[in-house]
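Have a look at the structure below before the remarks.
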């Protein structure tokens, strides 16, 4: 069987990355602009897609605004 270079390669105990040239990630901004939230499995099971989650949250926001006393709304 032919020997592979990986068979005789030994990793060093440490590597010095301080002298490496850094290149900015051109896709990083796309991910910073995303607002991602992880849902628990039981919550995920209740909603088929993100539109259903958004509709439920909007309903909850409207209901919460309806029951907050007027004097608390002025304080915020």
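The values are calculated or read from the model by the stated rules, or taken from the named source; none is laboratory data. The shown structure was predicted, so the numbers you read here are calculated from the model rather than taken from an experiment. Here Cβ is always computed from backbone atoms with ideal geometry, including for glycine, and neighbour counts include all displayed protein chains.
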Inset, instruction - Return yes or no: is residue 72 modelled with pLDDT under 90 and out of contact with any helix residue (DSSP H, G or I) (no Cβ under 8 Å at 6 or more places or on another chain)? - result: yes
Legend entry - Filter pass, residue 57 being out of contact with any strand residue (DSSP E or B) (no Cβ under 7 Å at 6 or more places or on another chain), on the phi < 0 side of the Ramachandran plot, touching a residue at least 12 places away in the same chain (Cβ under 8 Å) and surrounded by 10 or more Cβ atoms within 10 Å (Cβ to Cβ): no
